[in-house]
Amino acid sequence: MTSTDTAEFRSDLRAWLDDNDLTPPPDSHSLEGHIRQFARVQRALYDAGWNRYGWPEHAGGLGGPAILRAVVGEEVVGRRLAEPGPYSMLEVLTPTMIDYAPAGLAAEMVPKLLSGEELWCQGFSEPGSGSDLASLTTRATLDTDSGGQRYVINGQKVWTSFAQFSQRCILLTRTGDAETPNHQAITAFFIDLDTPGITVRPLRTMHGVDEFCEVYFDDVVVDADRMLGKPGDGWQLAMDLLPYERSSCFWQRIAYLYSRFDELISIVKGLGTASDSDLGEVYLALHTLRCRSRATQHRLADGHRLGPDTSIDKVLLANAEQQFYDTVRDLLPSVIELEDSDWRTEYLYSRAATIYGGTAEVQRNIIARRLLDLGKE
Ligand SMILES: Cc1cc2nc3c(=O)[nH]c(=O)nc-3n(C[C@H](O)[C@H](O)[C@H](O)COP(=O)(O)OP(=O)(O)OC[C@H]3O[C@@H](n4cnc5c(N)ncnc54)[C@H](O)[C@@H]3O)c2cc1C
């Protein structure tokens, strides 16, 4: 597809969004409301075909380059029809699920996700394993009585975003024994969250949007055909998935930040507290991030494999987001500190930008070692 076709796609989508009012209803302000609204938007986009472009036909998509997904995300989230958090899960989880799942499983499940019928979550982190993901201890044991047909899973995940609303989970488990090197001992499964033995407990967050959960697995039986890849492929799956979490899913988040930046400008103009230099610096940070992210979207669309270079996108996103909300705090006196507003919620959530998807320190280590070849410290 040429850039003209992409521009035509965007203009047709804009016309469709103008004609089909998907504005969130007034009662969609809670997390439950965000999830309901996201499902509503997905359903409408799916029925009209828009969000099936950029996904392969063998997984229920309508084909075309991945850049079309970015266009849909930008238009939908930039117009504030869906929140960037739930929306980003599509881009984080689905490409890798499609690459590793048995063909029939992807063909069955991806349409459920795209059409808003389901939500999926990512079960990677554990209480003792975040940055050091390879140390995870949730264990999947082959049930020898099943003739190799089933595994039994025991362990705990944490910080699992949207698990309380999800039907499925991409789960990393340990399958190797003590002798197996860590990176060959991890196996991924696609789990139904209503399987007996799974307990999901939402966690309170400081910003009041209780998005993530603890998830417990007690003798959870899963069929071997729910494995993503082969035994021991889980580490490679994680290495393939994390670049999406560190880059392509940011495109619509950036559109959201731009829309909030426009709002800030109009508020501070009214207050007469505008400081050109503060706003200029935020604009520079957002624009740098958007330029980088645009290049990443195009590399992905051109068929390049995303890798450690996406740590640059992650560092730029975290910096821009935190700088923006720090500026909000400085320019809107007492709004963050004293008012129960969206600005306050978003300011608090922006603190997590240097943690989720891999911490800022770990991203800088990756940049130093793997991109700049600086060796260990
Ligand atoms: C909003 C949010 C949503 C999340 N959603 C999910 C989700 O859906 N699914 C999921 O699986 N996980 C999720 N996470 C978890 C996230 O991936 C982890 O928090 C992250 O990987 C860091 O792990 P940790 O919290 O265990 O911190 P730790 O790894 O314990 O790190 C603690 C501190 O030590 C530093 N540190 C650790 N190792 C090194 C090192 N080698 N060099 C230098 N510094 C180091 C870190 O930078 C950090 O400052 C989410 C987190 C947040 C905040």
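General observations
- When residues of region 39-71 are limited to those that are of a type in the set (F, W, Y) and under 19 Å from the mean Cα position of the chain (by Cα), the one nearest to F9 (Cα to Cα): Y53
- Among the candidates L348, L332, L338, residue that is over 21 Å from the mean Cα position of the chain (by Cα), surrounded by 12 or more Cβ atoms within 10 Å (Cβ to Cβ) and either in the same structural domain as G280 (by TED's automatic domain parsing) or more than 16 Å from the ligand (Cβ to nearest atom) (or both): L332
- Members of region 147-179 found to be open to solvent by less than 20 Å² (accessible area, probe 1.4 Å), of a type outside the set (D, E, K, R) and either without any contact (Cβ under 8 Å) to a residue 60 or more places away in the chain or within 11 Å of the ligand (Cβ to nearest atom) (or both), listed by number: V158, T160, F162, A163, S166, C169, I170, L171, L172, G176
- Note on region 204-245: residues that are part of a helix (DSSP H, G or I) and of a type outside the set (S, T, Y) total 14.
- Among (1) surrounded by fewer than 22 Cβ atoms within 10 Å (Cβ to Cβ); (2) within 18 Å of the chain's Cα centre (by Cα) - the single one H304 does not satisfy: (2)
- In region 162-203, the residue that is nearest to E83 (Cα to Cα) out of those that are in a loop (DSSP other than H, G, I, E, B) and small (G, A, S) is S166.
- S248, sole failed condition from (1) away from the ligand (no atom under 15 Å from the Cβ); (2) open to solvent by 60 Å² or more (accessible area, probe 1.4 Å); (3) part of a loop (DSSP other than H, G, I, E, B): (2)
- If the condition is being touching a Lys or Arg at 6+ places or on another chain (Cβ under 6 Å) and either of a type in the set (S, T, Y) or modelled with pLDDT under 95 (or both), then region 138-160 contributes only D143.
- Qualifying residue in region 133-140 (condition: farther than 30 Å from G176 by Cα, assigned to a loop (DSSP other than H, G, I, E, B) and open to solvent by 10 Å² or more (accessible area, probe 1.4 Å)): no
- Just so you know, in region 358-377 the residues that are more than 6 Å from the ligand (Cβ to nearest atom) and either on the phi > 0 side of the Ramachandran plot or charged (D, E, K, R) (or both) include one that is nearest to the chain's Cα centre (by Cα), and it is R364.
- Any hit, region 272-287, residues being farther than 17 Å from G123 by Cα, at pLDDT below 95 and crowded, with 20+ Cβ neighbours inside 10 Å: no
- Output for region 357-366, where each listed residue is buried (at least 17 other Cβ atoms within 10 Å of the Cβ) and without any contact (Cβ under 8 Å) to a residue 60 or more places away in the chain: N365, I366
The values are calculated or read from the model by the stated rules, or taken from the named source; none is laboratory data. Everything quoted here is computed from the prediction, not taken from an experiment. Note that we place each Cβ from the backbone using ideal geometry, even for glycine, and neighbour counts take in every protein chain shown. Calculation scope for accessible area: heavy atoms of the full protein, side chains included, ligands and nucleic acids excluded. Shrake-Rupley method; radii C 1.70, N 1.55, O 1.52, S 1.80 Å.
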